[in-house]
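Every read-out reported here was derived from the displayed coordinates using simple, explicitly stated rules and does not represent laboratory data. Values in this document were obtained by computation on a predicted structure and should not be read as measured data. Glycine also receives a Cβ, built like all others from the backbone with ideal geometry; neighbour counts cover every protein chain displayed.
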Amino acid sequence: MGRGGAPSGRRAAGRQLRLGCPRARSQIVTALIYCPFPDAASAEAIGRALIEERLVACINIGSPVRSIFAWEGTVDEGEEAPCLLKTSSKLLARAIARLEDLHPYDTPAIVGWNCDAAGRATERWLGAI
């Protein structure tokens, strides 16, 4: 057997994973947004609003994390709910702008990016938003 468990000279399940390389078969259609919230309740309310407005397809709300950050010249800390939102590349800028409008923080940390690779089913799902 070769590396990865497939017999030598064969690819597992007939697929090849090429991380960091956009697929030639389609344009990049998937995007992600990371944003922490003060609590899970505000994340859920805003996530639902963005889904209902068809700007994102999904929000994953994580368990609380401890954040340590620079703010107004001092080092501060607090507990936040980290969130990952799934959207399409064509909606990324609009979703970020709307998230910024709805977010309870005055200066929310919102970062979004287009994905280099995604599963075909994920591309279809997010491309249909």
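Whole Å is fine, so just give me how far the alpha carbon centre of segment 36-74 lies from that of segment 75-91. Between the Cα centre of segment 36-74 and that of segment 75-91, the gap is 5 Å. For segment 37-127, the gyration tensor built on C-alpha atoms gives a prolate shape. Its axis ratio a/c (a ≥ b ≥ c) is at least 1.5, and a/b is the larger of a/b and b/c.
In order along segment 34-40, phi translates into HN-Hα couplings of 10, 7, x, 10, x, 6, 5 Hz, rounded to whole numbers, per the Karplus curve 6.51 cos²θ - 1.76 cosθ + 1.60 with θ = phi - 60° and x for Gly and Pro. Using θ = phi - 60° in the Karplus curve 6.51 cos²θ - 1.76 cosθ + 1.60, the 3J(HN,Hα) couplings for segment 120-129 round to 4, 5, 5, 4, 5, 4, 6, x, 8, 4 Hz; x is entered for Gly and Pro. Here the dipole of segment 79-129 is about 460 debye; that uses its Cα centre as origin and unit charges on the Cβ of Lys and Arg (positive) and Asp and Glu (negative). Ordering GLY78, PRO104, ILE68 by Cα displacement along the dipole of segment 37-127 toward the positive end leaves PRO104 in first place; charges were set at the Cβ atoms of Lys, Arg (+1) and Asp, Glu (-1). Under 5 Å from the amide H of PHE37 lie the amide H atoms of ALA81, CYS83, each residue being 5 or more positions distant or on a separate chain, with H modelled from the backbone and absent for Pro and chain starts.
Close amide H pairs (under 5 Å, H built 1.01 Å from N) link ALA118 with no residue at least 5 positions away or on another chain. Taking label points 7 Å from Cα along the Cα-to-Cβ direction, VAL65 and LYS90 give a separation of 3.1 nm.
Distant-in-sequence amide contacts of CYS58, defined by a placed amide H-H separation under 5 Å and a gap of 5 or more residues or a different chain, comprise LYS86. Across segment 47-52, coupling constants 3J(HN,Hα) worked out from phi with the 6.51/-1.76/1.60 Karplus curve, θ = phi - 60°, read x, 4, 4, 5, 5, 4 Hz, and Gly and Pro carry x.
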